[in-house]
Amino acid sequence: MTSLDDLPIRDDLRGMHPYGAPHLHLPVELNVNENTHPIPEDVARDIIESIARELLTVNRYPDREFTALRDALAGYLGTGLTRDNIWAANGSNEVLQQILMAFGGPGRSVLGFPPTYSMHSIIAHATGTEWIPGERDADYLISPETAVAWIERTKPDIVFFCAPNNPTGTGLGLDTIAAAYDATDGIVVVDEAYAEFMPDDEPSALTLLEGRERLIVSRTMSKAFAFAGARLGYLAADPAVTDALRLVRLPYHLSALTQAAAVAALAHAPEMLAMVDDIKEQRDRIVVELTELGYHPWPSSSNFVLFGGVDDPEALFEKLLERGIIIRNLSIPGHLRVSAGTRAETTAFLDAMRDLTPR
Ligand SMILES: *Cc1c(COP(=O)(O)O)cnc(C)c1O
């Protein structure tokens with residue numbers, strides 16, 4: 001049988017591992033930080049009607065500039081942004097890939113701060129961009145001084161922040177982002193996939209965009225917006241950045257059906273986001289109850305909780321699996337990560353944890 005090693009694959013891809021979150025279908029799936037609430041039925045009907053209308057002209061290529069969608073996304077973000085500031089693709093992973101294709105690539109480097117979203121380094125490798133793992137301060141924080149020191153030492157072409165950070169849930173001060181921007185001539189990307197779950201007093205990096213033409217804030221409809229299966233990620237930045245991305249995107253990369261679905265969903269933003277407060281409540285409940293059980297959950301500004309104090313993460317992960325509950329083992333010693341689900345799913349997880357925790 002032929003294996004990957006037998007193929008004339010790029011040398012720099014040899015030995016790499018693909019993104020590998022286990023994809024199992026179980027009664028309680030709290031492993032990839034989805035919004036586990038289905039979308040409201042009236043919204044679903046509206047989306048279906050939009051898609052149906054679009055199907056009638058699907059013999060034609062879609063709007064290459066996805067203008068209606070960019071208008072809708074700018075309207076959703078507010079803060080004075082217009083369609084010229086917005087770019088979108090099939091999930092924010094594709095947005096990040098396009099950023100690296102335009103600003104990274106062979107001979108260039110991107111600095112990130114592990115533990116962080118595994119796709120950042122995977123997309124870096126896939127685009128031939130050198131991945132430089134920086135280090136965080138205690139408690140997974142990144143001070144302005146730490147960010148600047150890493151930038152001055154490693155001179156990256158791109159800096160990736162993830163705020164709130166996956167998998168730790170840690171927020172990031174705007175002072176760190178601003179200091180990093182001033183310390184580099186390169187691109188600074190803030191991955192805000194979980195922005196809608198941040199506390200109200202934690203401002204978004206969107207507020208830093210004015211006057212910073214090398215800053216990019218990426219967002220997604222996959223998490224708070226309950227739209228993971230539709231694949232829609234986007235970014236806000238200076239219009240010149242979107243012009244750069246036009247050089248690397250494939251023509252018509254966003255299907256007419258995707259555009260129609262996303263525009264229809266955005267017209268119902270308040271309804272789509274109605275569950276965010278409930279999810280935050282479940283997240284806070286996980287922190288409280290896991291603490292009572294003797295674990296060490298980290299404070300979270302997102303829709304998941306990383307918790308330490310687990311003697312044998314693999315064994316606990318497997319025992320939860322046996323009970324039809326899947327969470328995430330990210331190979332951080334002594335830790336596991338769980339997404340906040342519906343009230344019932346969260347209860348199922350916490351009940352199982354109570355049973356499985358020795359007293
Ligand atoms: C889930 C996640 C994404 C989202 O990816 P999509 O391609 O938009 O589904 C991006 N960044 C981080 C940090 C994530 O956790």
message: So, for segment 41-268, what is the accessible surface per residue at a probe of 1.4 Å, expressed in square angstrom?
response: 41 Å²
query: Suppose R0 equals 51 Å; then what is the FRET efficiency for Leu24 and Thr82 from their Cβ-Cβ distance, rounded to the nearest 0.05?
result: 0.75
Cα→Cβ-extended label distance, 7 Å offset, between Ala267 and Asp185, nm: 4.8 nm
- prompt: Which of the lysines could be linked to Lys223 by a straight reach, that is with a Cα gap under 18 Å, when you skip same-chain ones fewer than 8 residues away?
  reply: Lys280
field: Amide hydrogen neighbours beyond the local backbone of Leu336, cut-off 5 Å, H modeled
entry: Phe307
statement: Where a ≥ b ≥ c are root eigenvalues of the Cα gyration tensor, a/c under 1.5 meaning rounded, otherwise prolate if a/b exceeds b/c and oblate otherwise, segment 110-152 counts as oblate
Stretch gain in nm, segment Arg60-Glu318, where the contour uses 0.36 nm per residue and the Cα spacing is subtracted: 88.0 nm
task: For Leu356 paired with Ser118, estimate the spin-label separation in nm (one decimal), with each label point 7 Å from Cα along the Cα-to-Cβ line.
output: 1.8 nm
field: J(HN,Hα) series, segment 11-24, from Karplus relation 6.51 cos²θ - 1.76 cosθ + 1.60, nearest Hz, glycine and proline x
entry: 4, 6, 9, 4, x, 6, 10, x, 3, x, 4, x, 10, 10
statement: Out of Leu56, Leu111, Leu141, a Gaussian network model of the chain with alpha-carbon springs under 10 Å gives the largest mean-square fluctuation to Leu56
query: Most fluctuating residue of Ala237, Ala149, Ala340 in a GNM of the chain with Cα springs under 10 Å: which is it?
result: Ala149
field: Distance between modelled label sites at Leu13 and Glu41, nm, 7 Å Cα→Cβ extension
entry: 4.6 nm
Rounded if a/c under 1.5, otherwise prolate or oblate - the chain, Cα gyration tensor axes: rounded
message: Using only the heavy atoms of the protein chains and a 1.4 Å probe, how would Lys280, Lys155, Lys319 rank by accessible area, largest first?
response: Lys155, Lys319, Lys280
message: With a 1.4 Å probe and all protein chains left in place, how much of the accessible area of the chain comes from carbon and sulfur atoms, in whole percent?
response: 54 percent
Antiparallel DSSP beta bridges within segment 41-268, percent to nearest 5: 35 percent
- request: Return a whole-number percent for the relative contact order of the chain, with Cα pairs under 8 Å and 6 or more residues apart as the contact set.
  value: 23 percent
- request: Run the 1.4 Å probe and let me know the accessible area of His37, rounded to the nearest 10 Å².
  value: 30 Å²
message: Let me check something: with ligands and nucleic acids excluded, how do Asp137, Asp182 order by accessible area (1.4 Å probe), largest to smallest?
response: Asp182, Asp137
message: Quick check: with the 1.4 Å probe, what order do His17, His268 take by accessible area, largest first?
response: His17, His268
field: Residue of Ile158, Ile48, Ile216 that the Gaussian network model of the chain assigns the largest fluctuation, springs spanning Cα pairs under 10 Å
entry: Ile48
query: By how many nm would the segment from Leu141 to Ala52 lengthen if fully extended, with 0.36 nm per residue of separation less the alpha-carbon distance?
result: 27.3 nm
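Using a ≥ b ≥ c from the Cα gyration tensor of segment 163-278 (square roots of the eigenvalues), is it rounded, prolate or oblate, where a/c under 1.5 gives rounded and otherwise the larger of a/b and b/c decides, a/b for prolate?
Oblate is the answer for segment 163-278, as a/c is 1.5 or above yet b/c matches or exceeds a/b.
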message: Out of all DSSP beta bridges in segment 187-313, what portion is antiparallel? Express it as a percent rounded to 5.
response: 60 percent
5 angstrom amide H check on Val248, placed H, neighbours 5+ away: none
message: With unit charges on the beta carbons (Lys and Arg positive, Asp and Glu negative) and the dipole taken about the Cα centre of the chain, which residue among Leu55, Pro27, Phe307 sits farthest to the positive side?
response: Leu55
Spin-label proximity, Ser255 to segment 217-233 - amide N less than 13 Å from point 7 Å beyond Cα toward beta carbon: 229-232
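The values are calculated or read from the model by the stated rules, or taken from the named source; none is laboratory data. Computed from a prediction, not measured in an experiment: that's the story for all the values here. Glycine also receives a Cβ, built like all others from the backbone with ideal geometry; neighbour counts cover every protein chain displayed. Side chains are part of the model used for accessible areas, which takes the heavy atoms of the whole protein and leaves out ligands, DNA and RNA. Shrake-Rupley method; radii C 1.70, N 1.55, O 1.52, S 1.80 Å.
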